[in-house]
Each structure stands twice: as C-alpha cells, then as structure tokens.
Amino acid sequence: MPATLRNPQCKRSLKNLGNQGSYSRVGVGAHKPKLTFKIYRKTIFLDVSRLKRLKEYPRFIAPNFEPFDPVKLARETERIVTRSGPDGLERKYEDFYATGVYGGISTGYCVGCCFRCVFCWVSWGRDFPEKFGRFYSPKEAFGRLREAAHRYRVGKLRISGAEPTLGKNHLLSLLEHIEKSEFTSFILETNGILFGVDKDYVKRISKFTKPHVRVSIKAGTPETFTKKTGAKPEAFEIPFQAIRNLLDYNVSFHVAAMSADPRIMMPRERKSLMQKLTEVDPSLLLSLEEEVMDRYETTLARLKFAGLKVEWPLQQVYTPIKKLLKRKTR
Ligand code: SF4
C-alpha cells in the first residue's frame, strides 16, 4: 500500500477547528441580514435572505431540539446538494482521495445527510451542505474516483462522508459508469432511510453487480434513535425496512451498528437491537460490524452541542455478538 494514502476519515475537517463554537446574528433588520456562524474558528456566513427556505433546516442536535422527519430532510437536502446538468444529475462532493480502509479504496467525499448523529465524525458539510463542496456530474465523479484509484493503485471505489443515496439519479448513473469499468467493487455506505422508503431504488441497485451495501444502524430503540440521530421515533423502523428490501432483491450487503461502545449504547438497548435484527433475519448477526465512537473534533463538537458528556479514552467494549455466536456453535 503506498505510504501516501490518506487517513480513512476526514482529516480535512479538522484543519480549521479549535475549541469552541458559537452563533451570532448580525445585520438583522439592516439591508443585507446575515447570520454568522462561528464554529471552531471557522466562520460561516449565511445570507438569510437567500436562505428563507432553509429557515428550519436542522444543523445539529442541541438540547430540546425538535425531532425531524428524515425523509423530508433527505428531500430538502437533495435540493441543496444536487442540480440538473447537461450530463445528468450533478451531486456535491468535497474531495476525492484514496484511503486504507477496505484494503485500499478510492473515495468520493460527498456532503449532506438526512440524520444529525451526535457521534458523527464527518465534516461540517453535513451540517452546512450549502457552504461546502462543488457539483460533479456522474461522469466527472467517476473520472475523479478513477483518477484517485489509479494514482494509489487501488481496485475498489466508494462514496463516503455523508449520505451517498441522496440524489438517486446521480448515484444510478455513477453506478452505470462503474459497472462498465475495470473496478471490482463499489462500497455503498448508507443510513438506510432512502432504501427503506423507496423499494424501487433498491430494485435498481440490484441490477448492478459491483455494489456492496453497508447499512449503518444507529440505535436499538425508537427513543434512543431520536436522541442519537435527531430523527422522529416513527422513523426508527425505516433502516430495518431497508434491510428487508435489500434481502428481497438479493443485494450484497452487511449491517453495521454503533453497538460495541458502552458509552453510547446501554446493554438493554443493545439487546433490543440484536432482537430487531434477529426478527429480520438471524444470520445478520453473524456478519454484524460493531463500531465504537472515535474522537474526531467534529464528533466532540456535536456531542458538546447536544449537551452529552462522554468519557475518553474508551475503557472497554462489548464482545462482538458474532464472536459470541461463533463460540456458542462450537
Ligand atoms: S453518522 Fe452517517 S448517518 Fe449519521 S449524520 Fe453522520 S453521515 Fe449522517
């Protein structure tokens, strides 16, 4: 593996960050009302007159926040991060690079998501998609992915950074380019919202041979789901429906969950999550990828904004469920 491969997670998001974040309103009532948002030394200027439609746009979780509808937020975010272009639907990306995860993979780092997870490590492009990234057509995005893959001699591709399923036609066109290419696989990391509510999306993904989907489940109960993602509790079931849709269309996938970390998931919640997955398909537990929270500055800031205190460093983790099950069957 070339030594120049970048860290798997977005270090760029750390470069302008410091110790504190704050809001201030300036110019309200003046000719050009502006909202300035100072976050970790990076000042973001929002032109309020241009952002009327985004007045209610959720940025991150704060105490007493109003839970949102993630499907509605997905559609609002799509209006920001996609646009029609001469070569199909364009999507906003911040960068293209290669990283060491998955044994070396070329990565397109997109902006915009329909969750606001408190443990999220991705850049501020999640919270302020209108301020980050530039638009790429499916062909241009594929070209950049291919360029990074060739430069670092890796054979796999992925989109990471936020929610890659936003912009259905962009992703489907990108997959057409990938399908015809020399690359062996495409990792599609998703929170499962759009695959849960749009079965046709999953059906169309199933026509391609290269994608492998990684569905990330954030919580084990509707209440904790809302606390962790900001989405209303009724949406808790949607990612599980995404898993059912992937099973129905025989798409290659596995489930990941932030369930190895006792700081963010209590034993009762973890048990409830395992039960939910077992109800869908017991074999899901055998390939379950269990994660812990990492100490990125974006994560620390989001935890702080949510008023959550977390002990660092991590002292202990749960034994992975797949390991326990394998022991049992011996
Ligand atoms: S962790 Fe993933 S799903 Fe959650 S807000 Fe971040 S990018 Fe979105």
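Rule-based calculations on the coordinates, nothing more; no lab input. Treat the numbers as computed from the prediction; the structure is a model and nothing was measured. As a convention, Cβ positions derive from the backbone with ideal geometry for all residues, glycine included, and neighbour counts pool all protein chains shown.
The single condition from (1) in contact (Cβ under 8 Å) with a residue 40 or more places away in the chain; (2) buried (at least 23 other Cβ atoms within 10 Å of the Cβ) that Phe225 fails is (1). Within the range 108-122, the presence of at least one residue that is closer than 16 Å to Leu171 by Cα, touching a Cys at 6+ places or on another chain (Cβ under 7 Å) and within 16 Å of the ligand (Cβ to nearest atom) is confirmed. A single member of Thr319, Thr278 is surrounded by fewer than 14 Cβ atoms within 10 Å (Cβ to Cβ), among the polar types (S, T, N, Q) and assigned to a loop (DSSP other than H, G, I, E, B), and it is Thr319. Among the residues of the range 176-196, those that are free of Cβ contacts under 8 Å to residues at least 60 places away in the same chain, among the β-branched types (Val, Ile, Thr) and surrounded by 16 or more Cβ atoms within 10 Å (Cβ to Cβ) comprise Ile178, Thr190. Scanning the range 123-152 for residues that are part of a loop (DSSP other than H, G, I, E, B) and either within 16 Å of the ligand (Cβ to nearest atom) or of a type in the set (Lys, Arg) (or both) turns up Ser123, Trp124, Gly125, Arg126, Asp127, Phe128, Pro129, Lys131, Phe132, Gly133. Checked against the criterion of being touching a helix residue (DSSP H, G or I) at 6+ places or on another chain (Cβ under 6 Å) and surrounded by fewer than 18 Cβ atoms within 10 Å (Cβ to Cβ), the candidates Lys207, Lys203, Lys271, Lys199 yield just one match: Lys199. Kindly indicate whether Gly104 is in contact (Cβ under 8 Å) with a residue 12 or more places away in the chain, among the small types (Gly, Ala, Ser) and either in contact with a strand residue (DSSP E or B) (Cβ under 7 Å, 6 or more places away or on another chain) or surrounded by 24 or more Cβ atoms within 10 Å (Cβ to Cβ) (or both). Judged against the criteria, Gly104 is a match.
When we screen Ser252, Ser287 for residues that are of a type outside the set (A, V, I, L, M, F, W, C) and touching a residue at least 40 places away in the same chain (Cβ under 8 Å), the only hit is Ser252.
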